[in-house]
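Worksheet: the structure to be examined is printed underneath.
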Amino acid sequence: MLGFLKNPVVVTAEINLSLVALTVMGLMSRLWGLSYPRAVVFDEVYYGQFVSLYMKRIFFVDDSGPPLGHMLLALGGYLGGFDGNFLWNRIGAEYSMNVPVCSLRFLPALAGALCIPLAYQILVELHFSHCAALGAALLILLENSLITQSRFMLLESILIFFILLAVLSYLKFYNLQRHSSFSGRWCFWLLLTGVACSCAVGVKYMGLFTYMLLLAIAGLHFWHMLGDRTLSNVSLVCHFLARGLALLVIPVAMYLSFFYVHLALLYRSGPHDQIMTSAFQASLEGGLARITQGQPLEVAYGSQITLRNVLGKPMQCWLHSHTNTYPIRYENGRGSSHQQQVTCYPFKDVNNWWIVKDPGMQQLVVSNPPRPVRHGHIVQLVHGITTRYLNTHDVAAPLSPHSQEVSCYIDYNISMPAQNLWRVKKSESAGRPVSILPPRSDTEHKYSSSALDWITMDTNIAYWLHPTSGAQIHLLGNVCTWASANVAAVVYTCLSLWYLIRRRRKIYDIPEDAWQLWVSAGQICVGGWVVNYLPFFLMEKTLFLYHYLPALTFQILLIPIVLQHLSDHLCRSLLSKSMFSALVVAWFSSVCFAYRTFSPVTYGEPLSVAELKDLRWKDSWNILIRKQGR
Amino acid sequence: MPAAGGGRAGPGPLRQRGTRRLQGTPPASPLSPRPPAGRRAALGLVTLLSFASRFHRLPEPPHVCWDETHFGKMGSYYINRTFFFDVHPPLGKMLIGLAGYLSGYDGTFPFQKPGDRYEQHNYMGMRGFCAFLGSCLVPFAYLTVLELSKSLPAALLTAFILIFDTGCITLSQYILLDPILMFFLMGAVLSMVKCNSCADRPFSASWWLWLSLTGVNLAGAMGVKFVGLFVVLLVGLNTINDLWDLLGNLNLSLVTFGKHFLARVLCLILLPLTLYMAMFAVHFAVLNKSGPGDGFFSSAFQSQLIGNNLHNVSIPEQDGYPLSCHCDPYPGGLCRGEGIYTYLHKDLNNLWIIKKHDSDADSSSPVEFVRHGDIIRLEHKETSRNLHSHQHEAPLTRKHFQVTGYGINGTGDSNDFWRIEVVGRRAGRLIKVLRSKIRLTHVATGCILGSSGKTLPKWGWEQVEVTCTPYVKETPNSLWNFEDHINPKLPNISLDVLKPSFVEILLESHMVMIRGNSGLKPKDNEVTSKPWHWPINYQGLRFSGVNETDYRVYLLGNPVVWWLNLFTIGLYLLIAISTAVALKRGVQLTSEHKGELSRVVLCGGGQVALGWLLHYLPFFMMGRVLYFHHYFPAMLFSSMLTGITWDTLLKFFSQFLSPSTTARRVYEGGIVALILLIVYSFYLFHPLSYGMIGPMASDPSSPMAGLRWMDSWEF
């Protein structure tokens, strides 16, 4: 019974010190001096509003993305004890003392730091050497744009974290596939893939691109499994169902749950109520509910009602009338009926009230028991204040001459008869909530750029500028890394084409397993770059440099892959190998140098005018230099 | 073509029975795998039916229908040789013009609006030409399906679907680009398929013929509408696949492969490109008179048109102080004084005087040339105010600065100073009329003068807004060029030296067309057709007539045909996936089945399904206004897919029946039933194409009563 005591109790721990060291360095680079600058930086002004609304539990809808990202940012605020009282109105405004800057920025920075070990692991799972993995992690570590983007209350670093996590878990799952299908770890990684994918989509819709890529790769791998005649049909079906569950059902469920949490958290009425249906608004505390509380559910003859246009576009409004009449003649010479105006009024007003009247009865009072109005009934609508009937007739409407004018009928005792009977038709589809928030609709912005500018990094974004010293923070990449990533992509494409064509003629330059590694690495890295980059050419929204960062991350992962491949397969002799290594070392030190050079604008260290001018390596960069002497 | 004869000895007799049953042609020898006589008769029959259905009541209605107002007008422009602008390449309209010219139409009918009566004008030539091309679609589709499936019933089913589709008939009967486009498109597909079947005899005469015909048709399709790009893509993918197979064939030497490659480059790239450019050459050669399209093009181009006020005029070449000039946003509009708007037409208010920023040049001083980088003032000639900008919001584009006319008699302030820069030049270079694209930078604020493209309301005479944009970006909106140029002290040059080369004209016209296409945006609140409406035949287009008394023609697909097509796409997907999985899993099938399935379903059906996808999916990504008739090219592919799928399906399932006579009967009966269904539905819906007069369908006395199956159909 105590047999287990016969063996010594041994704990064997294997710690990859380089991984630990990288993580520590990553944390240092992203978390160091996090609360500086103590001012609103760039889009913090945008996300901050949402954090405040979460803190105050006020309902809102963000048209630019799903809620998970905002909720994570709000979680930071919650942990830091933020009460939501800050006016997010201007970039560069100083934070007041009640804003826990550090904890608000902590989660994105942490996510950004964790990308470094993830990159390392991905390369290892792609079966590349630890040296290559180290290289990938270092390149991510020293990428200025990723550092800048991580250190503020922004969503990209969280998005990239989830994207990389999804890729890593899929690779882990796939590598376990051959030996231990349906084992615990296999299930764990498969599930984690789905969860990470849905989180990525939940942070920003851009995550959808990577999700689609992983789905396509999973489909391709399953297709290869189909060709494996050693697997039985039953086990194939099991595999298929497991994948379907983890990669389709769970992500959808998780995605819906984000919205559930969002709605559960926000129960107070707020500025965006009106874009939702009236029924939804009535469920919010302090909103329409205050008015509708205790009012009858069904409309009866004699009821006093207001009528709101369901579409709510371009703005919500209520059917309204007032004593003024239509002008006898419009500017363009068309005539009108000169009846009382009926308009749609965007504010609640006593003139919005109408009474439903049965045309067959004279009195307006509600009968006892009340007779409800039903679909298809013919009613008259009496304006409450002026007691005139809603009327329409064959007179052209003021602005849309093809439609009939609607008025409140004044009996002028002329030949124009009152046509004031209306049929009630119930529309079955409930009004679709349309999200229309204007703040980012204009496609022009000082720092907007086109997708083509990104690969060459012809553009930058000034995030913050110290009001007196020259200190400033820019979203500016590591020039050396960006250029080498582009070169790596070109080399990868050319080499792949070359190999493909040669293989077609049955000439095998590299061993089969090396070829398989090369292809699977390309699927992830080049595929990830393509799906995260090319769709932007089709988009019509305002584009910024930070949209490129996910694609860039994949492209950076490609650099060590290409380098290792070149050194393994193209440098045949020992001499060329060592020369190649020397070149790599030289190149890497230039990456470090570029990082060092641009780190002042990454971390916001004060710089003199001359230093700033030196940093302007490209004319198209917008480095802010104060004019002196004016 | 005995290529694949052996494997199909089984279905051979079965097909002949089908032939005889359907066509009443005498049976061919049961041993021969192909009965050419029967097939020829079938081809003759479908061609005859196709022409009969398209030419039936062709002159009706004798008034302008729908887009005839555009394309008929453009045909007339060719006959009159006046320059015009359209968002489509010229071939289709040139052919219409040619057809009109040959049939004796003199180009005098104005084609002002739909419903205008043709009276004595001869419009039948143009309609007949379009109907002829539209009729050719049916035999083309028939031959294509026959080649892909090697099955006569499949080809016949496809042909009958197209013959009896009301939409295809209507679209072929009027002066439109669509029949021409679809003719070239189907021609390209047919030639491609024929060329593929000649693959066992490369470099033979027929191989060359079909390959070059593919190229010719591609050029035709591209030359009619840019939608032709999709069929180019289809052929391109097919060619890449083809070459990839050839590369994998180790029996072929690299030299032979190189020959294959070069042959395709020659026939599918160089030949179409040459033809395409030739079309434009003809287009520009024919249209040599000034017309409604001038303003869309650059000034240098306009100087080539007879009757344009830039034609054959001579003006000083280099700009000196003082001078007057039109300034013209490149390319497109002119600017006008006081409130500064761009104005799309030319008048005296477009003239400005260039002055140095520090002195007023008097008339006695020698000419000084304006150079790149100079700081100037622009004085409006009529009102003597200076072009001025300051940090106030522009009226419409709030993020830009307002531009006004300021000062009295040319004296203003430092906000009137503009730096003049030529794009792509160094400082100090002279500025030339028409050719120099210039940018005007406001010295005080650093913003750039541009036209925002938005139309001002009434108070601004509905002209285009001019702003000063602080966002220093390179856009055509902020480029201007000097057009009119008056300076008595400078020698005048003839604009002939500015004559742009053909390549420049070609590129410019493409830029203008692309801009025009992307400019066709739906207006706010306008109900437009959505791509998902199309396959379900959700809503048609009114070609002619609205009211009960009108002669009404309504472009709507035969619902039975369209819904059959839609259903078949799902069915095909199912069949294709299960076939692919079965082949991949190595399910035990006879080799005959295997060959049949992979060849017909995956290969043939796959090509057609790819064609459907390529002609349909891109519309989901287009921002421009879309119409129902954009779906018809995709519908052709969809119909071919229907023929192939049902034929395969019926053949496959009937084979499980025994005895074989039952099997045959089920197979033939299925095809005949489908065809009868289509013919009957056509009988019901034929008034849609051949015209309806009298009450609307909601009235029980109407011939269309009870046929309005969807509320969205407007007849």
Å³ per residue enclosed by the Cα convex hull of region A:461-503: 52
Alpha carbon convex hull of region A:102-223, volume per residue in cubic angstrom: 106
In sequence order, calculated HN-Hα J values of region A:5-11 (Karplus, 6.51, -1.76, 1.60; Hz; x Gly/Pro): 6, 5, 8, x, 7, 10, 10
Dimensions in Å of region B:95-177 - Rg and Dmax from alpha carbons: 16.5, 50
Phi to ³J(HN,Hα) by Karplus 6.51 cos²θ - 1.76 cosθ + 1.60 over region B:618-624, Hz, x for Gly, Pro: x, 5, 5, 9, 7, x, 7
Chain A: translational diffusion in µm²/s, Stokes-Einstein, Kirkwood Rh over Cα pairs, 10 °C, 1.306 mPa s: 54
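What percentage of the solvent-accessible surface of the protein assembly as shown, computed with a 1.4 Å probe over protein heavy atoms, is contributed by carbon and sulfur atoms? Present the calculation step by step, with values, prior to reporting the outcome.
Details: 39390 of 61880 Å².
Answer for the protein assembly as shown is 64 percent, counting heavy atoms of protein chains only.
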Span per principal axis, largest first, for the Cα atoms of region B:180-320 (Å): 71, 34, 24
29 Å Cα-Cα threshold exceeded, pairs from B:454/B:489; B:225/B:259; B:113/B:530; B:194/B:594: B:454/B:489; B:225/B:259
Mean shadow area of the protein assembly as shown, taken as a quarter of the surface of its Cα convex hull (nm²): 69.6
Area buried, chain B against chain A - accessible surface, total, 1.4 angstrom probe, square angstrom: 1900
Sequence-separation-based contact order of chain A, relative, with Cα cut under 8 Å and 6+ spacing, percent: 14
Region A:94-138: mean projected area of Cα convex hull, nm²: 3.8
Cα extents of region A:177-284 along the three principal axes, largest first (Å): 60, 24, 22
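About the Cα centre, and with charges only on the beta carbon of Lys, Arg (+1) and Asp, Glu (-1), how big is the dipole of the protein assembly as shown? Nearest 20 debye, please.
The dipole magnitude comes to about 2940 debye.
Over the alpha-carbon set of region A:151-199, divide Rg by the Kirkwood Rh and report the Rg/Rh ratio to two decimals.
Numbers: Rg = 12.8 Å, Rh = 11.3 Å.
Over the Cα atoms of region A:151-199, Rg/Rh equals 1.13.
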In region A:52-149, the trypsin sites (Lys or Arg not before Pro) that fall in loop regions by DSSP, at most 14 other Cβ within 10 Å: A:57, A:90
4 °C / 1.567 mPa s Stokes-Einstein diffusion coefficient of region A:523-630, Kirkwood radius on C-alpha pairs, µm²/s: 74
Minimum 20 Å² accessible area buried by the other protein chains, region A:464-509 residues, probe 1.4 Å, relative to alone: A:500, A:501, A:504, A:505, A:506
Charge sum, other residues only, whose C-beta stays under 12 Å from residue B:636's C-beta, Lys/Arg counted +1 and Asp/Glu -1: -2
Radius of gyration and maximum dimension Dmax of region B:152-237, Cα, Å: 14.5, 42
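When the gyration tensor of region B:558-715 is built from Cα positions, what are the square roots of 5 times its three eigenvalues, in whole Å, from largest to smallest?
After diagonalising the Cα gyration tensor, the semi-axes are 36, 23, 10 Å.
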Subset of B:93/B:521; B:150/B:584; B:399/B:437; B:399/B:521; B:73/B:381 violating a 30 Å alpha-carbon distance limit: B:73/B:381
Rounded to the nearest 10 Å², the accessible area of residue A:102 at probe 1.4 Å: 70
Restricting region A:470-528 to trypsin sites (Lys or Arg not before Pro) in coil, as DSSP defines it, with at most 12 other Cβ within 10 Å: A:506
Distance histogram for region A:112-153 (every C-alpha pair counted, 10 angstrom bins, percent rounded to whole numbers): 33, 46, 19, 2
Kirkwood-type radius of region A:1-64, with distances r between different C-alpha atoms, in Å: 17.4
Average silhouette area of region B:621-680, convex hull of alpha-carbon atoms, in square nanometres: 5.8
Three principal axis lengths of region B:230-289 [C-alpha, angstrom, descending]: 59, 24, 7
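The values are calculated or read from the model by the stated rules, or taken from the named source; none is laboratory data. None of the values given here were measured: they were computed from a predicted structure. A quick note on method: Cβ atoms are made from the backbone with ideal geometry, for glycine too, and the neighbour counts reach across all protein chains shown. Accessible surface is based on the protein model in full, side chains and every heavy atom, while ligands, DNA and RNA are left aside. Shrake-Rupley method; radii C 1.70, N 1.55, O 1.52, S 1.80 Å.
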